[in-house]
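Everything on this sheet refers to the single structure shown next.
The values are calculated or read from the model by the stated rules, or taken from the named source; none is laboratory data. None of the values given here were measured: they were computed from a predicted structure. A quick note on method: Cβ atoms are made from the backbone with ideal geometry, for glycine too, and the neighbour counts reach across all protein chains shown. Side chains are part of the model used for accessible areas, which takes the heavy atoms of the whole protein and leaves out ligands, DNA and RNA. Shrake-Rupley method; radii C 1.70, N 1.55, O 1.52, S 1.80 Å.
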Amino acid sequence: MFYLKDMSFAELKCFEHSCGARYPITDVIYNCPKCGGLLEAVYERPSQSPAELRKLFRERRMNNAPLDQSGVWRYRELFPFLDDYSHVVTLREGDTPLLSSSRAAEYGGLKNVAFKHQGFNPTGSFKDNGMTAGVAQARRLNMKRVACASTGNTSASMAAYASAAGLEGLIFLPHGNISFGKLAQGIEYGAKTLQVEGNFDEALALLRALADRLGIYVLNSINPFRIEGQKTILFEMLDQRDWRAPDWVVLPGGNLGNTSAFGKALREAKAVGLIDRLPRLAVIQAEGAAPFHDFWIHGAKEFHAVKKPETLATAIKIGDPVSWPKALHEVCTTNGVVEKVSEQEIADAKAIIGKSGIGCEPASAATLAGIRKLTAGGVMDKDADVVAVLTGNVMKDPDYIARYHMGELEAPGGRKIQSTFGNKAIVVPNDVDRVEELLRK
Ligand code: F0G
């Protein structure tokens, strides 16, 4: 939030309305020391007008300075928590395309849909937008060791940025529950890799217990600076649309950091005058890992974690999302919705995104599956202007792809996933006549 007149340039503020305590931006805290609430970065309003900001952001695209080439730091006036940009390590994150697909639109029950494809990032997911910001803060604080618990993408990203920044990276992964590609990335980028015998929520709790004891800087999305970087996913999307807000922004929900970042970005873009209305957020969860959906639907007072989350979309296999209070605020503020989709729905939507020539990892495809459900239920209008955020690259989980197309994919619990849009690879003899015969059929 902007405009707090009696504050210094940038501060940390408790997100809990009833508390609102403020702390120096350089405090190493992840929750409010007074009440335990989540923290967010708050700033003074930028000195430029909306027109000046739009012009500045556009001009920077033509500039070769690494900070301006980055699709994150280009928007730095909208998250000015650093006092010195020499702390920044950029791998040229952001700059991801908006891609439309008539095939995917038709499948989703829409006239048009555009995918903001975060899989084009340097480590193949949206985490890079947040990680460059989190690592910059780690360097500013003179931290030597950074760590995260992860379902695979945060760890891949953190490993890369930590190594590029000369920091020691430490990653906590739920053993046997992340894709091999993501595990491989973390190792290749040089992080010390611990495979915890537990699920993601347990791995995160373990890391948090160790962080204070060992003086490790935590770069999970509970870190408010990660959220600041992830806001730029929407700033860039709005910039690409000449600051015309869509009707809906659809995204998958796991730990709910991204939902928090998107809502904050939209509120702040509107407050500054960059957009004139708020798009509605639609957060989509996997059926077996949908505590936020269940909380939302039942209007419950207390948030109930799912003890044993289950989904083949391992990126969002999370039962106890830390950022749910922020996410709830953002979904309410934008008049948004929360939906859940089945394993079959995710798998088929993913194949359609693939067949559109775009491709994404399983968690990302929850967006199109969710859109299909929301249009069928009359919640989303078929004429609506919809942007869906594809969070991860198609190559993040090739094993899932092969199994789906070969008809060998099984949902948790053993139920077979139908290979509805299957495209089996065919083994052929090395024989011109027989291959010709096959191709003429
Ligand atoms: N999509 C992908 C590909 C992800 O990797 C994640 C989260 C999400 C969606 C959900 O985002 O947590 O902000 O609601 N992955 C984290 C990780 C948890 O460790 O890589 P969220």
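Restricting the stretch 139-163 to residues that are touching a helix residue (DSSP H, G or I) at 6+ places or on another chain (Cβ under 8 Å) and more than 15 Å from the ligand (Cβ to nearest atom), which is farthest from I25 (Cα to Cα)?
Restricting to residues being touching a helix residue (DSSP H, G or I) at 6+ places or on another chain (Cβ under 8 Å) and more than 15 Å from the ligand (Cβ to nearest atom), the top hit is R145.
Can you find a residue in the stretch 291-300 that is part of a loop (DSSP other than H, G, I, E, B), more than 21 Å from V386 (Cβ to Cβ) and free of Cβ contacts under 8 Å to residues at least 12 places away in the same chain?
yes
Within the stretch 189-200, restricting attention to residues that are touching a Gly at 6+ places or on another chain (Cβ under 8 Å) and assigned to a strand (DSSP E or B), which residue is least open to solvent (accessible area, probe 1.4 Å)?
The qualifying residue least open to solvent (accessible area, probe 1.4 Å) is T193.
Out of the residues in the stretch 98-152 that are part of a helix (DSSP H, G or I) and open to solvent by 10 Å² or more (accessible area, probe 1.4 Å), state the one that is farthest from M395 (Cα to Cα).
Applying the filter and picking the extreme gives R140.
Among the residues of the stretch 251-273, which ones are under 11 Å from the mean Cα position of the chain (by Cα) and over 15 Å from L38 (Cβ atoms)?
L251, P252, G253, G254, F262, listed by residue number.
Among the numbered conditions (1) part of a loop (DSSP other than H, G, I, E, B); (2) open to solvent by less than 10 Å² (accessible area, probe 1.4 Å); (3) within 16 Å of the ligand (Cβ to nearest atom); (4) aliphatic (A, V, I, L, M), tell me where V331 comes up short.
(1)
Among the residues of the stretch 313-325, how many are buried (at least 23 other Cβ atoms within 10 Å of the Cβ) and touching a Phe, Trp or Tyr at 6+ places or on another chain (Cβ under 7 Å)?
Counting residues in the stretch 313-325 that are buried (at least 23 other Cβ atoms within 10 Å of the Cβ) and touching a Phe, Trp or Tyr at 6+ places or on another chain (Cβ under 7 Å) gives 3.
For the subset of the stretch 164-188 comprising residues that are within 11 Å of the ligand (Cβ to nearest atom) and not polar (S, T, N, Q), which member is surrounded by the most Cβ atoms within 10 Å (Cβ to Cβ)?
Here the residue is I171.
Given the options S221, S260, name the one that is at pLDDT below 95 and crowded, with 24+ Cβ neighbours inside 10 Å.
Going through S221, S260 in turn, just one is at pLDDT below 95 and crowded, with 24+ Cβ neighbours inside 10 Å: S221.
Filter the stretch 277-333 down to the residues that are closer than 16 Å to A363 by Cβ and either in contact with a Cys (Cβ under 8 Å, 6 or more places away or on another chain) or acidic (D, E) (or both) and list them by number.
Matches in the stretch 277-333: E287, E310.
Got at least one residue in the stretch 350-360 being in a helix (DSSP H, G or I), at pLDDT 95 or above, under 16 Å from E287 (Cβ atoms) and not hydrophobic (A, V, I, L, M, F, W, C)?
Scanning the stretch 350-360 turns up at least one residue that is in a helix (DSSP H, G or I), at pLDDT 95 or above, under 16 Å from E287 (Cβ atoms) and not hydrophobic (A, V, I, L, M, F, W, C).
Would you confirm whether or not the stretch 38-61 contains a residue that is touching a Cys at 6+ places or on another chain (Cβ under 8 Å), surrounded by 18 or more Cβ atoms within 10 Å (Cβ to Cβ) and over 21 Å from M131 (Cβ atoms)?
Checking the stretch 38-61: not a single residue is touching a Cys at 6+ places or on another chain (Cβ under 8 Å), surrounded by 18 or more Cβ atoms within 10 Å (Cβ to Cβ) and over 21 Å from M131 (Cβ atoms).
Which residues, taken from the stretch 244-266, are in a loop (DSSP other than H, G, I, E, B) and either touching a Lys or Arg at 6+ places or on another chain (Cβ under 6 Å) or within 7 Å of the ligand (Cβ to nearest atom) (or both)?
A245, G253, G254, N255, L256
Within the stretch 334-345, identify whether any single residue is out of contact with any strand residue (DSSP E or B) (no Cβ under 6 Å at 6 or more places or on another chain), within 16 Å of F115 (Cβ to Cβ) and modelled with pLDDT of 95 or more, and answer yes or no.
no
Go through the stretch 201-237 and count every residue that is of a type in the set (A, V, I, L, M, F, W, C), part of a helix (DSSP H, G or I) and either within 30 Å of A114 (Cα to Cα) or within 12 Å of the ligand (Cβ to nearest atom) (or both).
9
Which ones in the stretch 153-163 are under 19 Å from the mean Cα position of the chain (by Cα) and either open to solvent by 20 Å² or more (accessible area, probe 1.4 Å) or closer than 23 Å to P321 by Cα (or both)?
N153, T154, S155, A156, S157, M158, A159
Here is a list: V394, V389, V379. Which entry is within 15 Å of P252 (Cα to Cα) and either more than 15 Å from the ligand (Cβ to nearest atom) or in contact (Cβ under 8 Å) with a residue 60 or more places away in the chain (or both)?
V389
Name the pairs whose Cβ atoms lie under 9 Å apart, with the first residue in the stretch 251-262 and farther than 16 Å from A388 by Cβ, the second assigned to a strand (DSSP E or B) and within 6 Å of the ligand (Cβ to nearest atom), and 6 or more positions between them or separate chains?
Listed by first residue and then by second, the contacts come to nothing, as the list is empty.
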